[in-house]
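Each reported figure results from applying straightforward, stated rules to the coordinates on display, with no laboratory input. Predicted model only: the values in this text are computed from it and were never measured. Cβ coordinates were reconstructed from backbone atoms using ideal geometry, including for glycine residues, and neighbour counts include every protein chain displayed.
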Amino acid sequence: MTIPFLSFFKKISERFSARGLLFFWYRHYKALFFIGFVIVLAIGGWKWYDSLYRYRWSDEEKKQYIELSFKETVFKETKFRDVVSDLAARARMHEETLELKRNIFEGKGIVPKQ
């Protein structure tokens, strides 16, 4: 029984070895990384262009999306006024000056531990 393409694989293994491939990598790894970067950048740029300028929605699909996504928000005026009044009360409370009832630096009213 003969294995198909055996002579092809033997010829390839004579020309390309792991050692030769490793030396090729050591000699040209910077250029290979740069080529890979350029390829990825080109694919990303093409996808970006494609998604921005070649969208494929019909007018009916656009209308359905707008109806589902952009709904008017109900304004709850009573809750809004409650929040505003709470904030105003907090602002008034912070404007008042606090009066200290006990001076901790004089030591009056401090009971020592026994």
Checklist line | Cα→Cβ-extended label distance, 7 Å offset, between T73 and H28, nm | finding: 5.8 nm
Notebook entry, point to check: Roughly how many nanometres apart are two label points built 7 Å out from the Cα toward the Cβ at F80 and T97?
Noted result: 3.8 nm
Notebook entry, point to check: For the chain: lysine pairs with Cα atoms under 24 Å, gap of 8 or more or different chains, count?
Noted result: 5
Item checked: Label point 7 Å beyond Cα of I39 along Cβ direction - residues of the range 1-32 with amide nitrogen under 18 Å -> 21-22, 24-32
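About its Cα centre, what dipole magnitude does the range 18-95 give when the only charges are +1 on Lys and Arg Cβ and -1 on Asp and Glu Cβ, stated in debye to the nearest 20?
About 600 debye.
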Notebook entry, point to check: What full-extension length gain, to one decimal in nm, is calculated for E106 and A18 as 0.36 nm per residue of separation minus the Cα-Cα distance?
Noted result: 23.1 nm
